[in-house]
Amino acid sequence: MPKQNKILIEWLVPEYREHSRSRRWYMVAGTILVLLLTYCLLTANFLFALIIIIASIIVILQDKHAAPKIPFAITEAGIGLGKDFYDYAKLQSFWLYYEPDEAKTLFLEFKNRVRPRLAIPLFNKNPLHVREHLLEFLPEDLEKENEPVSEQLSRLLKI
């Protein structure tokens, strides 16, 4: 983060979303994995088979370790996430999704459409307090009231 940059609010967030997966989830995922690999072998699509195997290994390895916590900060000059810093000039807008007992998330949308949005869990932070600080620097996208479909699917499928 730039020097002389006052931090307005900060907290720790996991580097990636953690899911508690049951034995049943692994059985269903394993069945789907076998079906996909069978399809790959029948169609001689070995690159797709390799991608599926690598993705499976990554999911299994990630499940064995807790996600490291990284600092997230809203500052006067921009947003800090771990070692990365994003000026407000690079950000287009923000919106908050709050569903009691389900999710409380801050979404940051970049001006560059190729760059994916940032989804930051709020945990025990007051969403109104976070919103108040961000409104000083970024417009709130009031049209987006729901969680993006990609986030819903990620949570539902536990991937």
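Some notes on this structure:
- Magnitude of the charge dipole for the stretch 1-102, about its Cα centre and with charges confined to Cβ atoms of Lys, Arg (+1) and Asp, Glu (-1), is about 340 debye.
- Computed over the stretch 1-79, the Cα gyration tensor eigenvalues convert (square root of 5λ each) into semi-axes of 41, 16, 8 Å, ordered from largest to smallest.
- Among the protein heavy atoms of the chain, carbon and sulfur supply 60% of the accessible surface, probe 1.4 Å, non-protein parts ignored.
- Contact order normalised by residue count of the chain, Cα under 8 Å, 6+ apart, percent: 24 percent
- Within the same chain, aspartates and glutamates fewer than 8 places from Lys64 are excluded, and of the rest, those with a Cα less than 18 Å from its Cα are Glu15, Glu18.
- The length gained by stretching the chain between Gln62 and Lys6 to full extension, at 0.36 nm per residue less their Cα-Cα distance, is 16.7 nm.
- Straight Cα distances below 25 angstrom link Lys90 to the lysines Lys3, Lys6, Lys69, Lys104, Lys111, Lys125, Lys144, with same-chain residues fewer than 8 positions distant left out.
- Around the amide H of Gln92, modelled in the peptide plane, lie the amide H atoms of Glu109, Phe110, Lys111, all under 5 Å away and 5 or more residues distant in sequence or on another chain.
- Backbone HN-Hα couplings from phi across the stretch 9-23 [Karplus 6.51/-1.76/1.60, Hz, Gly and Pro as x]: 7, 8, 6, 9, 10, x, 5, 8, 6, 9, 10, 9, 9, 7, 4
- Pairwise inverse Cα distances across the chain, averaged and inverted, put the Kirkwood hydrodynamic radius at 18.1 Å.
- As a rough guide to protection, the peptides 82-95, 42-55 ranked by mean Cβ packing within 10 Å, highest first, stand as 82-95, 42-55.
- Couplings 3J(HN,Hα) for the stretch 145-159, derived from phi with the Karplus relation 6.51 cos²θ - 1.76 cosθ + 1.60 (θ = phi - 60°), are 9, 9, 6, x, 4, 4, 5, 4, 5, 4, 5, 5, 7, 6, 10 Hz, where x marks Gly and Pro.
- Taking a sphere under 15 Å around the Cβ of Leu157 and counting the other residues whose Cβ falls inside, with K and R at +1 and D and E at -1, yields a net charge of +1.
- The chain - mean residue ellipticity at 222 nm from DSSP helices (-39,500 (n - 2.57) per run, n ≥ 4, rounded to 500): -11500 deg cm²/dmol
The values are calculated or read from the model by the stated rules, or taken from the named source; none is laboratory data. Computed from a prediction, not measured in an experiment: that's the story for all the values here. We place every Cβ from the backbone using ideal geometry, glycine too, and count neighbours over all the protein chains shown. Side chains included, ligands, DNA and RNA excluded: accessible areas come from the protein's heavy atoms. Shrake-Rupley method; radii C 1.70, N 1.55, O 1.52, S 1.80 Å.
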